[in-house]
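What follows is a short report on a single structure.
Nothing in this text is a laboratory measurement; each read-out follows from the coordinates by a stated rule. Treat the numbers as computed from the prediction; the structure is a model and nothing was measured. Cβ coordinates were reconstructed from backbone atoms using ideal geometry, including for glycine residues, and neighbour counts include every protein chain displayed.
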Amino acid sequence: MYHFIQKFHSGWAYLALLLLVVAVVNSFIGMSSKKEFTAKDRKIALFGLIATHIQLLVGLILYFVSPLGSAVFGQMKDAALRLTSLEHPLTNIIAIVLITVGWSKHKKASTSTGKFRSIAVFYGLGLLLILSRIPWKLWF
């Protein structure tokens, strides 16, 4: 079961990252071109939100069934173990909180530019945090 969840978490990450990039790029284009925020733009942002939340859920499950999860807290001197057991999960939780805040703020914005700006800024910050803590050596 552990290996299936690990493979799913790694594979789903590609989709989640792609949807986040599309949402951020779409928002920057919409903001800079001053176009109207449409249902299509809302769906793009929503799919990015859903994908990252699924990734978080699968990641939390993986964390607690993994031999590299919480069992290695005594070995924080090892950078690879620290990345997988502390930095990656904590940073990605913060990133998904930022993405969720961006979704909530976009709903409260009254103008299209405000909606695009909320998504672009918060989803963009979340994307940068996620990219900064991906365990690249384990992923490829």
Per the rule of 0.36 nm per residue minus the C-alpha distance, extending Tyr2 to Leu60 adds in nm 19.7 nm
Note, the stretch 20-30: 3J(HN,Hα) by Karplus (6.51, -1.76, 1.60, θ = phi - 60°), whole Hz, Gly/Pro = x, goes 5, 4, 4, 5, 5, 4, 4, 5, 5, 5, x
Sorted largest first, the C-alpha extents of the chain along its principal axes in whole angstrom are 51, 28, 25
Cβ density ranking, 10 Å radius, fewest first, applied to Tyr123, Tyr2 yields Tyr2, Tyr123
Of the listed pairs Lys7/Lys115; Lys40/Lys115; Lys7/Lys43; Lys40/Lys107; Lys7/Lys137; Lys34/Lys108, those with alpha carbons more than 23 Å apart are Lys7/Lys115; Lys7/Lys43
Ordered by fewest other Cβ atoms within 10 Å, a rough proxy for footprinting exposure, His53, His88 read His53, His88
